[in-house]
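Asker: There's a structure below that I have some questions on.
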């Protein structure tokens with residue numbers, strides 16, 4: 001976990017998506033290293049679960065925003081919602 005954060009249960013407003021993802025990756029690396037005590041492993045696991053929840057909330061919010069943007073203008077007054085898969089990003 002980054003030294004600037006002391007909250008064990010981060011909130012979606014407290015972290016940017018990229019920061020939360022970076023912290024989750026760091027937490028997973030610490031857990032996978034096998035160098036943590038049982039107590040520290042449990043604390044890191046709890047932090048990881050909290051970060052996953054934050055990331056899921058942020059992704060769900062983005063999905064809702066994309067759905068709104070994808071409203072079918074041809075749907076008339078009912079403003080039917082049309083969803084489609086995102087085009088894969090060329091790597």
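Bear in mind these aren't lab numbers, they're just calculated from the coordinates by the rules spelled out. Just so it is clear, the model here is predicted, and its values are computed rather than measured.
Asker: In Å and from the alpha-carbon atoms only, list the Rg and Dmax of the stretch 17-78.
Answerer: 18.3, 61
Asker: Run the numbers for residue 26 and residue 59: contour at 0.36 nm per residue of separation, minus the present Cα-Cα distance, in nm. Kindly include the intermediate steps, with their values, before the conclusion.
Answerer: Working: separation 33, 0.36 × 33 = 11.88 nm, distance 1.97 nm.
Going from the current span to full extension adds 9.9 nm.
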